[in-house]
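Asks: Sharing a structure below in structure tokens format, with a few things to ask.
Computed from the coordinates by the stated procedures, all read-outs in this text should not be read as laboratory data. Only a predicted model underlies this, so the values are computations on that prediction, with no experimental measurement involved. Because the Cβ atoms are built from the backbone with ideal geometry, glycine has one as well, and the counts that use them run over all protein chains shown.
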């Protein structure tokens, strides 16, 4: 079992990723695909006059402030455009993909954080009415039922709170939870860089290998969005996933390259 | 088994519909819910500067001209906003809803009509690059697998063509196909009128009962969107569904009222 997380940033070549997913399913691999939404949610928010507000926590992690209006934009981008057209693209290649978000059948559950602490102009403050959270429980039975019947689940990064609110969650960490719940051997994180870079954005500083016990230290020099990917990697390994691999989604065969050990391998 | 189609027009009280769906699931009824998207797709199209273009066929049926740009708007409204928040609303009431569109797992398949004949200013012409079609096949196995495990499928009105294109389909006729494929006893169509009216919009002209053999004649005096609902009813009966009931979604307990025979009963 491999869980593949396709980043939501620009630069990733979705045709390459989909073709590679199709090749893997033809090889008989069991896959679950999770996707991001960042670029599309930002673009839709701009067009609707509701630009995204990206905030930074005191620990340096960035996230999207998600009030109910932003949640609506996020849902339209994530469950609407990105998920449906990814499923369509895979179906065109003969992959029997099925799109879900964590809200569907309570696939991903977590606690809603309705207030978040952020740092703005050097000062800490609290933002309220937030619809975000972290995935705490995975309905692995639903995924297994679909996988057993030959469907490839394609999951959008939303979860449902215990009170039934749809919440925006980080896709990398959600993919880590899914990989852990399914006992996946590998979590492959596809982004628009070759892997974790010691000195971002210098691609010649790619780190080829990180030992499981040193992954948390890597969070410190990871930049921006990469911080959460490393956190997700750490969480996946903690849940028993054998390998987490960061791979370059701008080139052909990104998943096969990851399986061959290219990119950043964390184990 | 009951298939419920919730219209996508304004006026329908979704809280009433969801509460009634929750009550029915607590009574142990097996349900599949299909929803429309009209109002939300129109509103989103307006906001994005891509207003909907509603066209009329030579037979008098109205539909939404759906080029690839419109399909994107439609998908964001249908699979994004309407489907996800309907699932969320049902989950809040304890219904383990799972959102799907016909693209997912090839749930609804049909032929894409890439050219449609329309009547404009009294003249017939052809519009091309259309992404619409009619549902011809239902993946009933996928619905049954979910129903057996206690999930309530909530289906958005898209299908997938045999070539793998997402296509916009009429929700009433799609619901009819689902009802037929599952051998449902009833198809309940929730709209913003009390039922089929002999002289629309005069609600005192409600037709309480239509005989199965006379349903096609009713298409002639049905107005606008109601024409396709009557066509869907006719198709459902042709597929062995025992009763099709048009019910008023503006009032409390719309589904229970339908089951009690209020609205327009076609059998």
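Asks: Please check: in the Gaussian network model of chain A (C-alpha springs, under 10 Å), which one of A:211, A:104, A:130 has the largest mean-square fluctuation.
Replies: Answer for the Gaussian network model of chain A: A:211.
Asks: Most mobile of B:90, B:48, B:253 per a Gaussian network model of chain B (Cα springs, under 10 Å)?
Replies: For chain B, modelled as a Gaussian network with Cα springs under 10 Å, the answer is B:48.
Asks: Mind jotting down the three principal axis lengths of segment B:209-267 based on Cα atoms? Whole angstrom, largest first.
Replies: Principal-axis extents of segment B:209-267 (Cα, largest first): 30, 26, 16 Å.
Asks: Counting other beta carbons within 10 Å of each residue's own, what order do A:40, B:216 fall into, fewest first?
Replies: Values: A:40 22, B:216 13.
Going from least to most buried by this count: B:216, A:40.
Asks: How large is the convex hull of the C-alpha atoms of segment A:149-202 per residue, in Å³? Display every interim value, and only then the final one.
Replies: Working: hull volume 8.1 nm³, N = 54.
For segment A:149-202, the hull spanned by Cα atoms encloses 150 Å³ per residue.
Asks: If you don't mind, there's one more thing I want to ask. What's the Cα-based Rg to Rh of the protein assembly as shown, Rh via Kirkwood? Walk me through the intermediate numbers first.
Replies: Numbers: Rg = 23.9 Å, Rh = 23.9 Å.
Rounded to two decimals, Rg/Rh equals 1.00.
Asks: Across every pair of different alpha-carbon atoms, what Kirkwood hydrodynamic radius in Å does segment A:11-57 reach?
Replies: Values: mean 1/r = 0.0748 Å⁻¹.
Computed over Cα pairs of segment A:11-57, the Kirkwood hydrodynamic radius comes out at 13.4 Å.
Asks: So what is the relative contact order for segment A:133-262, in percent, with contacts set as C-alpha pairs under 8 Å and at least six apart?
Replies: Values: 186 pairs, mean separation 35.1, N = 130.
For segment A:133-262, the relative contact order is 27 percent.
Asks: In whole Å, what is the distance between the alpha-carbon centres of segment B:119-162 and segment A:8-45?
Replies: That distance is 24 Å.
Asks: So what's segment A:26-116 giving for Rg/Rh, alpha carbon basis, Kirkwood Rh from the mean inverse pair distance? Working shown, then result.
Replies: Details: Rg = 15.5 Å, Rh = 15.1 Å.
With Rh from the inverse mean 1/r over Cα pairs, Rg/Rh is 1.03.
Asks: What percent of all Cα-Cα pairs in segment B:47-176 falls into each 5 Å bin, going from 0 up to the bin containing the maximum distance?
Replies: Per 5 Å bin, starting at zero, the Cα-Cα P(r) for segment B:47-176 comes out as 2, 11, 18, 21, 19, 13, 9, 5, 2, 1, 0 percent.
Asks: Continuing with the same structure: Choose one answer from A:153, A:201, A:254: the residue with the largest mean-square fluctuation in a GNM of chain A with alpha-carbon springs under 10 Å.
Replies: Of A:153, A:201, A:254, the Gaussian network model singles out A:201 as fluctuating most.
Asks: Report, to two decimal places, the Cα Rg of chain A normalised by 2.2 N^0.38 Å (N = number of residues). If you can, show how the numbers build up before the last one.
Replies: Values: Rg = 17.3 Å, N = 267, 2.2 N^0.38 = 18.4 Å.
That ratio works out to 0.94.
Asks: Taking all pairs of different Cα atoms in segment B:160-267, averaging 1/r and flipping that mean, what Kirkwood radius in angstroms comes out?
Replies: Numbers: mean 1/r = 0.0713 Å⁻¹.
Hydrodynamic radius (Kirkwood, Cα pairs) of segment B:160-267 is 14.0 Å.
Asks: Please arrange B:148, B:185 by counting, for each residue, the other beta carbons lying within 10 Å of its beta carbon, fewest first. Kindly include the intermediate steps, with their values, before the conclusion.
Replies: Details: B:148 10, B:185 13.
Lowest to highest Cβ neighbour count: B:148, B:185.
Asks: Kindly work out what percent of the DSSP beta bridges joining two residues of chain A are antiparallel, to the nearest 5. Please list the in-between numbers first.
Replies: Details: 21 of 49 bridges.
Restricted to chain A, the bridges split so that about 45 percent are antiparallel.
Asks: Which chain A residue hugs the A-B rotation axis most tightly by its Cβ, and what is that distance in angstrom, to the nearest whole number?
Replies: A:80, 1
Asks: While we're looking at this one, here's another question. Just from its helices, what would the mean residue ellipticity at 222 nm be for chain A, if runs of 4 or more DSSP H residues each count -39500 (n - 2.57) and the sum is divided by every residue, rounded to the nearest 500 deg cm²/dmol? Let's see the in-between values first.
Replies: Numbers: 9 runs with 88 residues, N = 267.
The per-residue figure over chain A is -9500 deg cm²/dmol.
Asks: For A:256, A:35, what's the fewest-to-most ordering of other Cβ within 10 Å of each Cβ? Write down the numbers at each step before the final one.
Replies: Values: A:256 15, A:35 25.
So the ranking, lowest neighbour count to highest, is A:256, A:35.
Asks: Can I ask one more? Of the beta bridges DSSP finds with both residues in the protein assembly as shown, what % are antiparallel, to the nearest 5?
Replies: Details: 42 of 99 bridges.
Around 40 percent of the beta bridges assigned by DSSP in the protein assembly as shown are antiparallel ones.
Asks: Right, next: Where the Cα atoms of segment A:52-102 are projected onto their three principal axes, how long is each span, largest first, in whole Å?
Replies: Reported extents, whole Å, longest axis first: 45, 24, 17.
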